[in-house]
Amino acid sequence: MALSKDQILSARDFETKEVPVPEWGGDILVRSLNGAARDKIEAAFMAQKTEGLKAMVVALTACDEAGTLIFDQSDVEQLQTKSAAVIERVFEAAWEISGLRAGSIEAAEGN
């Protein structure tokens, strides 16, 4: 039986992952990207504006237990001042659970 519009739109289809961040004093929860967030990232790739993209992905995926994002785009610049190793770790977890290929940002930056 085919799914209805309401069934599809009400489905909780985000995956979450807890990422240890001892440098920040605990763990952070990330969720998979939604379509709008993925579109933002693809637009940045197309415009070749990948500077700060990893911090942007962290802002687009870091969430609370209810799945509500804890950052907004105005926080990206501040996130860029945090440890690159930590941002990379959180980014990689978010990228992985979003079903995206490892190394795709680096490949885009090289093109």
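Some points to look at:
- Answer residue from segment 61-77, given it is part of a loop (DSSP other than H, G, I, E, B) and touching a helix residue (DSSP H, G or I) at 6+ places or on another chain (Cβ under 8 Å) and is surrounded by the most Cβ atoms within 10 Å (Cβ to Cβ) among those: PHE71
- Note on segment 78-95: residues that are under 15 Å from the mean Cα position of the chain (by Cα) and either in contact (Cβ under 8 Å) with a residue 12 or more places away in the chain or outside any helix (DSSP H, G or I) (or both) total 11.
- When residues of segment 28-42 are limited to those that are crowded, with 18+ Cβ neighbours inside 10 Å and assigned to a helix (DSSP H, G or I), the one modelled with the highest pLDDT: ALA37
- Filter result for ALA36 (out of contact with any Leu (no Cβ under 7 Å at 6 or more places or on another chain) and of a type outside the set (Asp, Glu)): yes
- Whether a residue is modelled with pLDDT under 90 and either of a type outside the set (Lys, Arg) or assigned to a helix (DSSP H, G or I) (or both) was assessed, and LEU100 passes this test.
- Qualifying positions in segment 28-63 - of a type outside the set (A, V, I, L, M, F, W, C) and closer than 16 Å to ILE97 by Cα: ARG31, SER32, ASN34, GLY35, ARG38, LYS54, THR61
- Considered as a group, the residues in segment 43-60 that are surrounded by 17 or more Cβ atoms within 10 Å (Cβ to Cβ) and among the aliphatic types (A, V, I, L, M) include one that is farthest from SER83 (Cα to Cα), and that residue is ALA44.
- Subset of segment 49-60 [assigned to a loop (DSSP other than H, G, I, E, B) and either charged (D, E, K, R) or without any contact (Cβ under 8 Å) to a residue 40 or more places away in the chain (or both)]: LYS49, GLU51, GLY52
- Just one of the numbered conditions (1) in a helix (DSSP H, G or I); (2) farther than 14 Å from PHE91 by Cβ is not true of PHE14: (1).
- A Cβ distance below 7 Å, combined with a sequence gap of six or more or placement on separate chains, defines the contacts here; from segment 1-30, residues that are in contact (Cβ under 8 Å) with a residue 60 or more places away in the chain reach residues that are part of a loop (DSSP other than H, G, I, E, B) in the pairs GLU15/SER32; THR16/GLY67; GLU23/SER83.
The values are calculated or read from the model by the stated rules, or taken from the named source; none is laboratory data. Predicted model only: the values in this text are computed from it and were never measured. Note that we place each Cβ from the backbone using ideal geometry, even for glycine, and neighbour counts take in every protein chain shown.
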